[in-house]
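The values are calculated or read from the model by the stated rules, or taken from the named source; none is laboratory data. Worth saying up front: this structure is predicted, and the values here are computed from it rather than measured. Here the Cβ positions follow ideal geometry from the backbone for every residue, glycine too, while neighbour counts run over all protein chains shown. The area values use the complete protein model at the heavy-atom level, side chains included, leaving out ligands, DNA and RNA. Shrake-Rupley method; radii C 1.70, N 1.55, O 1.52, S 1.80 Å.
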Amino acid sequence: MGKFLEKYPGEIKELRLGTEGKQAVLGGQNTLPFHFFEGRPGKLKLALEVTDSEPSDWTPALQEFYADVKSSPVEWARKCVDVFGAEMIFLSLNSMEKDLPAAEIAAGVKRVAEAVRVPLAVFGLGEKEKDAAVLPVVASVCSGMNLLLGPVLKDNCQEIAAAALEHGHAVIAQIPMDINLAKDLNIRLGKFFPLDRVVIDPLTCAVGYGLEYAFSTMERIRLSAVVHDDKTLQSPLIARVGKEAWKTKEAVQDAGKGVLWETATAFTLLLAGADIVTLRHPESLQRVRALVH
Amino acid sequence: MILIGENIQIISKAVSEALAGRQAVPLQELASKQAEAGVHWIDLNIGPARKNPTETMSWLVNAIQEVVDLPLSLDTTNPVAMEAGLALCRRKALINSASGAQDSKERMLPLAVKFNSNVVISVLNDAGIPSDAAARAESIMETIEYANNLGISTEDIWVDPILMPVGVGQQDILEVIEFVRMLPDIAPGVKSTIGLSNVSNGAPRHLRHILNQVMMVILERAGLYSAIVDSFDQDLIDLNSGKKQEVIALIQKVMDGEDVDVSVLSAVERDYYKTARVIMGRELYSPSWLEI
């Protein structure tokens, strides 16, 4: 049997997030997604998304679903972990839109990180100046908590990644759905930041809204890393599914369809190579987990 | 390799303004400087020339022929402008370009017969740009046959495989190399040419030349007859005239998959080595390919 199996030259390094006692590991695979028969599969993380101030732009069905906790990020995050079984919390800093002081935002992040026993990803707005002003403060206030901070863009990677490095956090490197630019950003980061502490976010689309582009980009990044041993791309991948799935017309019209959309998108991208998927509805999380296991 | 200077092109703001204002001097200077740089043909790219096609191309051809004696490659998609220019060329000209698309077959190719000129025929057809070497071959065979039947002789046909930017698809570059290699077998006697600078389209500006140079060396080895190039890339001109043999040898080693001891290379040689690996698809392209 063994002679029929492929051995690949490349591997994704394990990435440890969180602090002593609540550490979690992702990545670590030396084979392609779900090729359990061939090698060591990667450790996946199914994350639920929480916002650090009320998610007024979320679809009403989701706002209703989280009505009891949505005004308290700490309670919300706890419920996601304790009740819904989230393996990771993905905290979107939507309070940055209101231009709150960075120290205040960072203190809120710290409260959430202390409240849950799973690792925390912290995500800014994707605006280079605002993120470069706030995320380094988050890095400093949460020093040593080993968070996953992002997005780091080509134009602000110096500021954010340097702060992340100083305070012991990992980063999410974001590029617009292009394998060549993914490589470019990792080369830039790799000059001062350990690449085994980087997660790549190549952006995501939902089923019916360009998923095939997201799939193809992720698949090619993972093939380059594992099959072609491209050292600059051997990072775990994140697919931010919830946001994309829940803005589709189908999800907005019907929460049941929203769950299906979110589940189908997430599972498809796990097949392409995603190591973290971020979801907004716990039922999607249950369904994806059932498919994966 | 025969070099066709691309620097008189409508996309350049200076050219576009000089052409619109009928200022001959800047365009004549551009032509003379290209001739001095050592290219063998001058390309005159006026774009689609929707306004006054006849008058624009006629004026330009006359202006350029006043100062240089090199043969001209007339570069427009407008058959009316093309015809006007061909009628004035003193030396046997090059139509740049025709293709296998129906409209081009009907309106461009007959001009090559009428004026007994050379003609670039690209692998493009009504279905678009063929995806691999075999599809390119299929497309060009059909168009060459059509052209022969019109009375265009094979040695006047310059086949253009269409080169895509390295950032768009590395595999496609390998298909072009393969196609260039097979061309003498499938169409004995045809010439070939390529828009070389397209390979570096989208790459960082200061790194475009090295991509173009390496691409040229590789395509020359594969058998390409000519290329449309940036005349002011001195290193490219030097490489084409056989200077820098050590660089050419290095690129060819990468092409052949031979082992190269990187530690003994100079910084400049290392850049050529890395670029050759990218062009040959051995290393995934990124805009910072020289920095790893």
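Check every one of the strands (runs of 3 or more DSSP E) wholly within region A:19-119 and list those with 1 or more residues that are in contact (Cβ under 8 Å) with a residue 24 or more places away in the chain and farther than 30 Å from A:A225 by Cβ. Break it down stepwise before answering.
Values: elements: A:24-27, A:45-51, A:88-92.
Because the criterion is at least 1 residues that are in contact (Cβ under 8 Å) with a residue 24 or more places away in the chain and farther than 30 Å from A:A225 by Cβ, the strands (runs of 3 or more DSSP E) in region A:19-119 that meet it are A:45-51.
Number of residues in region A:3-18 that are more than 19 Å from A:L233 (Cβ to Cβ), assigned to a loop (DSSP other than H, G, I, E, B) and among the aliphatic types (A, V, I, L, M): the value is 1.
Counting residues in region A:201-220 that are among the charged types (D, E, K, R), within 14 Å of chain B (Cβ to nearest Cβ) and open to solvent by 40 Å² or more (accessible area, probe 1.4 Å) gives one or more. Against the list (1) touching a residue at least 40 places away in the same chain (Cβ under 8 Å); (2) surrounded by 18 or more Cβ atoms within 10 Å (Cβ to Cβ); (3) within 14 Å of another protein chain (Cβ to nearest Cβ), the condition B:G281 fails is (2). Do the conditions hold for B:Q252, that is, is it over 22 Å from the mean Cα position of the chain (by Cα) and either farther than 24 Å from A:I187 by Cα or not aromatic (F, W, Y) (or both)? No. Does region B:209-228 contain any residue that is without any contact (Cβ under 8 Å) to a residue 24 or more places away in the chain and surrounded by 16 or more Cβ atoms within 10 Å (Cβ to Cβ)? So far as region B:209-228 goes, no, none of its residues is without any contact (Cβ under 8 Å) to a residue 24 or more places away in the chain and surrounded by 16 or more Cβ atoms within 10 Å (Cβ to Cβ).
Results for (1) over 20 Å from B:S104 (Cα atoms); (2) modelled with pLDDT under 95; (3) not charged (D, E, K, R), shown as yes or no for each residue.
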site: B:S117; (1), (2), (3): no, no, yes
site: B:I121; (1), (2), (3): no, no, yes
site: B:D132; (1), (2), (3): yes, no, no
site: B:W158; (1), (2), (3): no, no, yes
site: B:P165; (1), (2), (3): yes, no, yes
site: B:V168; (1), (2), (3): yes, yes, yes
site: B:V180; (1), (2), (3): yes, no, yes
site: B:M216; (1), (2), (3): yes, no, yes
site: B:V229; (1), (2), (3): yes, no, yes
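Scanning region B:152-182 for residues that are part of a helix (DSSP H, G or I) and surrounded by fewer than 18 Cβ atoms within 10 Å (Cβ to Cβ) returns B:T154, B:E155, B:Q171, B:L174, B:E178, B:R181, B:M182.
Against the definition (under 21 Å from the mean Cα position of the chain (by Cα) and open to solvent by 10 Å² or more (accessible area, probe 1.4 Å)), how does A:E104 come out, yes or no? Don't jump to the end; show me each part of the working.
Working: under 21 Å from the mean Cα position of the chain (by Cα): no; open to solvent by 10 Å² or more (accessible area, probe 1.4 Å): yes.
No.
Among the numbered conditions (1) over 15 Å from the mean Cα position of the chain (by Cα); (2) crowded, with 17+ Cβ neighbours inside 10 Å; (3) in contact (Cβ under 8 Å) with a residue 60 or more places away in the chain, the only one that A:K183 does not meet is (3). It is to be established whether one or more residues within region B:223-241 are in contact with a Pro (Cβ under 8 Å, 6 or more places away or on another chain) and within 14 Å of chain A (Cβ to nearest Cβ). Checked region B:223-241: no residue is in contact with a Pro (Cβ under 8 Å, 6 or more places away or on another chain) and within 14 Å of chain A (Cβ to nearest Cβ).
Of the residues making up region B:70-80, those that are farther than 18 Å from B:E6 by Cβ and open to solvent by less than 50 Å² (accessible area, probe 1.4 Å) number 2. Pick out the one residue from A:D196, A:D254 that is more than 14 Å from every other protein chain (Cβ to nearest Cβ) and closer than 17 Å to A:Q174 by Cα. Answer to the selection: A:D196.
Take A:L271 and tell me if it is open to solvent by 10 Å² or more (accessible area, probe 1.4 Å) and under 24 Å from A:S235 (Cβ atoms).
Details: open to solvent by 10 Å² or more (accessible area, probe 1.4 Å): yes; under 24 Å from A:S235 (Cβ atoms): yes.
Criteria met by A:L271.
Filtering region B:17-37 to residues that are open to solvent by less than 30 Å² (accessible area, probe 1.4 Å) and closer than 18 Å to B:D238 by Cα leaves B:Q34, B:A37.
Being within 14 Å of chain B (Cβ to nearest Cβ) and either over 25 Å from B:R282 (Cα atoms) or in a strand (DSSP E or B) (or both) is the filter; apply it to region A:155-175 and report the residue that is most open to solvent (accessible area, probe 1.4 Å).
Selected residue: A:D155.
Within region A:176-193, being hydrophobic (A, V, I, L, M, F, W, C) and within 10 Å of another protein chain (Cβ to nearest Cβ) holds for A:I179, A:L181, A:A182, A:L185, A:I187.
Taken over region A:19-37, the criterion of being open to solvent by less than 30 Å² (accessible area, probe 1.4 Å) and more than 18 Å from the chain's Cα centre (by Cα) is satisfied by A:T31, A:L32.
Under the condition of being small (G, A, S) and in a helix (DSSP H, G or I), which residue from region B:100-139 is surrounded by the fewest Cβ atoms within 10 Å (Cβ to Cβ)? Let's see the steps before the verdict.
Step one: list which residues in region B:100-139 are small (G, A, S), which gives B:100-101, B:104, B:112, B:117, B:122, B:127-128, B:131, B:133-135, B:137, B:139.
If we keep only those that are in a helix (DSSP H, G or I) too, we end up with B:104, B:112, B:133-135, B:137, B:139.
Details: B:S104: 20, B:A112: 26, B:A133: 21, B:A134: 13, B:A135: 16, B:A137: 21, B:S139: 22.
Among those that are small (G, A, S) and in a helix (DSSP H, G or I), it is B:A134.
For region A:130-154, a tally of residues being open to solvent by 50 Å² or more (accessible area, probe 1.4 Å) and not small (G, A, S) returns 3.
Residue count for region B:249-278 satisfying the condition of being open to solvent by less than 50 Å² (accessible area, probe 1.4 Å) and within 14 Å of another protein chain (Cβ to nearest Cβ): 2.
In region A:111-127 there is no residue that is open to solvent by 10 Å² or more (accessible area, probe 1.4 Å) and within 14 Å of chain B (Cβ to nearest Cβ).
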